[in-house]
2 protein chains.
Amino acid sequence: MSNLQPIRVGILGFGVVGTGLYQVLTENSDSIIQRVGRPVTVKRIADVDWDRSRDVTVPDELKTTDAYEIINDPEINIVAETIGGLEPAMKFVMDAIAAGKSVVTSNKEMIARHGHDILAAAAANSVDVQFEGAVGGVVPIIRTLKESLDADHIYEIMGIVNGTTNYILTEMSREGLDFQVALGQAQQLGYAEADPTDDVEGIDAANKLAILSAIAFGRRVDVDQIYREGISQLLPEDIAYAHRMGYVVKLLAIARRRDDDSVETHVHPVLLSQKHPLASVSGPFNAIFVRGRACDEVMLYGRGAGSLPTGSAVAGDVIDSARNLTKNAAGRVPCVCAGQAEIVPMGEVSSRVYVRMKVKDQPGVMGAISTIFGSQSISIACVMQEDTDGQTADIVWIMHECGEDQLTGALAAIQALPIVEAIPARIRVEG
Amino acid sequence: MSNLQPIRVGILGFGVVGTGLYQVLTENSDSIIQRVGRPVTVKRIADVDWDRSRDVTVPDELKTTDAYEIINDPEINIVAETIGGLEPAMKFVMDAIAAGKSVVTSNKEMIARHGHDILAAAAANSVDVQFEGAVGGVVPIIRTLKESLDADHIYEIMGIVNGTTNYILTEMSREGLDFQVALGQAQQLGYAEADPTDDVEGIDAANKLAILSAIAFGRRVDVDQIYREGISQLLPEDIAYAHRMGYVVKLLAIARRRDDDSVETHVHPVLLSQKHPLASVSGPFNAIFVRGRACDEVMLYGRGAGSLPTGSAVAGDVIDSARNLTKNAAGRVPCVCAGQAEIVPMGEVSSRVYVRMKVKDQPGVMGAISTIFGSQSISIACVMQEDTDGQTADIVWIMHECGEDQLTGALAAIQALPIVEAIPARIRVEG
């Protein structure tokens, strides 16, 4: 078979992921021939800046600054887009599809927002578009959902899909650091960007959740309808209380499909039972936990970012596309959603919740607050009063499952009590 | 697309996995149409015993006792073999391939021993043979190795791939039970068979390791060359010592590829650091931990057995084969091994090791033993003396990495010392 013509790849963008992809494809070219049945070679790489220092060296004849030297090259079969962001990536990808190239991308924002249009264009042009590297770095969650668990009825996804926030939370938890200090450390180590908003406010995680939900549930999810809370408001004292109660604090991306096919989607900090398989996922690692009717629970774990791990995921997609091209089987795995998912408003979502209050340290406080919870039919699972300095006390509660709006109403009434000074924390509980 | 003819499936064997497969394919038939582009229907099921009580009911017209009503049915495209064991499964599978059917199987023993012949026959007949359900139940490790991490250079696999032994070890560890008591409980709960040899002696795990190594490293592994120790000799006191030293005890299937492409393969109990991602995999769950040059570490976790979980894995393969048939792309993923792996003799394998000795409680003991270790260039990582009843003491050692033969020699010399009563435990250490 290896006397077949090589499959030729063009890479758009030569940053963290692009260099990893190039390394993986070139260093393992012999075993890739064996696994595809023909060579897979990088023919051209486009980047606007070839002066930047990189870990890999590339022959000069591969370099170009013009993406269209790849998109318009009739010899190139597969275009790997590793630029990121919406534009010009989106235009390049659509033009590559129109030119009959299969496309591989690690661009979560583009797939989350425009995956539907991109996949429709791919189907119309009989090419593949694949995006394993867009979610969870090397974690093979996209292929698992599309090709391994695809016979099952998946109803829940919970993911640690942002390594930056997971690293910050791990450090806050291990060292008792404030958020700002842990963020600064993460920035120094290159785990967080100078403007960390996308990561710490859960925007990146929401993009990934939109992609995972659409694949797992077969309905498109509008990323702007995903409820989001970031980690910048988290306080080390709540992480410490959580530990004492048997929980860790994680930023989770959660999607649940109800029996009527409506979908809950939310990204926020969670108190997660230390016994949950996701609880031990620390530092820059990612993991996605899936529940389905037949599979019960499945979890995939690995590095959520980084040049070689993400490059390896993108290279896996390149090989898959190369195999489809060899067999003339592009479009083998249809990505067809049955319309837009109806998103459950967050006020109607239920969960267990941790609440911390600062109250005056005087008789009758616990009774007054409990009475309000009771009158709203909110049931208390666990309560702990602590930290008395003679004047004020911390009361931490964990409530049995209750609705978001229901709890908001109760907390407003409690906040109005003269004995309550503040309600500094309200964090959902899972596992 | 859904006006295409349905893909028709025949199921051979209607036991635990076969019933799960039937349930998954029938209950999710609507979403499967969407994911394949055409219906996938079960046309016929062969089993020798239709009187046995089962959780599912099947229309009478699907039932047959003759496997060849499936194998010879020109309308059937995919044969799912869920009988298990070598014969008659092997003959049925080879005949189905010869009849031009794609084959899906959950039969680890058959694939471990005859995978090479089966895949060669499949290639010659331009059909697919897939076997996700053969390893790890629902854990999608086969597809991940073949199709997601296939661009990488994988050099290590460590797996908890036998749910029976993992359940027994979890109970021994949680309740301090003897092996025989924990085995009896597992048998009562249906987690262990009446004759538990295959599971508790590591035979089942070795079959699975042979399959995983061949796929990950691209070289065939002779299952009879895999070094095996089971769990029946494990004592609760060693599990207790392990806990105190920060370890759990697991039966691990381990394969490592050296730089010269020779392969270490061994199945045995291991003291695994409690911090290792595999350490929290308990009860009937399986997990496979993979290390590669680019991916760093990846772990997949899920139920290792059971009707619906394994049925779901087999159904995923059925869908994959159905997609390949739809696109006329059978053989899309070549499974070609570059010959037989050279297996490193176990005596030349190195690891850290835990050793427990019963010694006379008198001065000079520690010195005499340490001197022998030192003379064999074996270096001590940690030592703990305990359990003195005035007459004898337990000494537990953890040795730095040392060769198997090297340690065997040292322990023989130590055993010969009059002060040493017994060496009841020698367990390798990982993580």
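The values are calculated or read from the model by the stated rules, or taken from the named source; none is laboratory data. For clarity, every value in this text was computed on a predicted model and none was experimentally measured. Counting neighbours? That spans all protein chains shown, and the Cβs are built from the backbone with ideal geometry, glycine included. Just the protein is used for accessible areas: all its heavy atoms, side chains included, with ligands, DNA and RNA removed. Shrake-Rupley method; radii C 1.70, N 1.55, O 1.52, S 1.80 Å.
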Cross-link partners among lysines for B:LYS275, C-alpha distance below 26 Å, same-chain residues fewer than 8 apart left out?
-> A:LYS250, A:LYS275, B:LYS208, B:LYS250
What is the dipole size for the stretch A:141-303, taken about its Cα centre, with +1 at each Lys and Arg Cβ and -1 at each Asp and Glu Cβ, in debye to the nearest 20?
-> 520 debye
Return the average number of partner chain Cβ atoms within 10 angstrom of each residue Cβ along peptide B:297-309.
-> 6
So the angle from the long Cα axis of helix A:108-124 to the longest Cα principal axis of chain A, reported in degrees to the nearest 10, equals 40 degrees
Take the alpha-carbon centre of the stretch B:302-340, take the same for the stretch B:357-431, and report the distance between them in whole Å.
-> 48 Å
How many nm separate the modelled label positions at B:ASP387 and B:ASP117, each set 7 Å beyond the Cα in the direction of the Cβ?
-> 4.8 nm
Over chain B - Rg/Rh using Cα atoms and the Kirkwood inverse-distance radius = 1.04
What FRET efficiency, computed as 1/(1 + (r/R0)^6) with R0 = 22 Å and r the Cβ-Cβ distance, is obtained for A:THR64 and A:LEU4, rounded to the nearest 0.05?
-> 0.25
Leaving out same-chain residues fewer than 8 places away, which lysines sit with a Cα under 22 Å from that of B:LYS43?
-> B:LYS63, B:LYS91, B:LYS101, B:LYS327
Rounded if a/c is under 1.5, else prolate if a/b is larger than b/c, else oblate: which is the stretch B:155-275, with a ≥ b ≥ c the root eigenvalues of its Cα gyration tensor?
-> oblate
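Given charges of +1 on the Cβ of Lys and Arg and -1 on the Cβ of Asp and Glu, with all other atoms neutral, how large is the dipole of the stretch B:346-430 about its Cα centre, in debye to the nearest 20?
Value, rounded to 20: 80 debye.
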GluC sites (Glu not before Pro) restricted to the stretch A:58-162 and DSSP loop, no more than 15 other C-beta within 10 Å | A:GLU75
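What is the calculated FRET efficiency for A:ASP261 to A:GLN406, with r their C-beta to C-beta distance and R₀ = 25 Å, to the nearest 0.05?
The pair A:ASP261/A:GLN406 has a calculated efficiency of 0.55.
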Sparsely packed trypsin sites (Lys or Arg not before Pro) within the stretch A:1-86, loop by DSSP, other Cβ within 10 Å at most 11 | A:ARG52
Can you sort B:TYR68, A:TYR191 by 1.4 Å-probe accessible area, starting with the largest?
-> A:TYR191, B:TYR68
Find how many whole Å separate the alpha carbon centroid of the stretch A:1-79 from the alpha carbon centroid of the stretch A:101-159.
-> 21 Å
Work out the charge dipole of the stretch B:342-431 with +1 on the Cβ of Lys and Arg and -1 on the Cβ of Asp and Glu about the Cα centre, then indicate which of B:VAL355, B:SER377, B:MET366 is farthest towards its positive end.
-> B:MET366
Dipole moment magnitude, nearest 20 debye, the protein assembly as shown about Cα centre, only Lys, Arg, Asp, Glu C-beta charged = 920 debye
Value at 222 nm in deg cm²/dmol, rounded to 500, when DSSP H runs of n ≥ 4 in chain B each add -39,500 (n - 2.57) = -10000 deg cm²/dmol
Charge dipole of the stretch A:141-303 built from unit charges on the beta carbon (Lys, Arg +1; Asp, Glu -1), centred at mean Cα; most positive-end Cα among A:VAL263, A:ILE239, A:LEU183 is A:VAL263
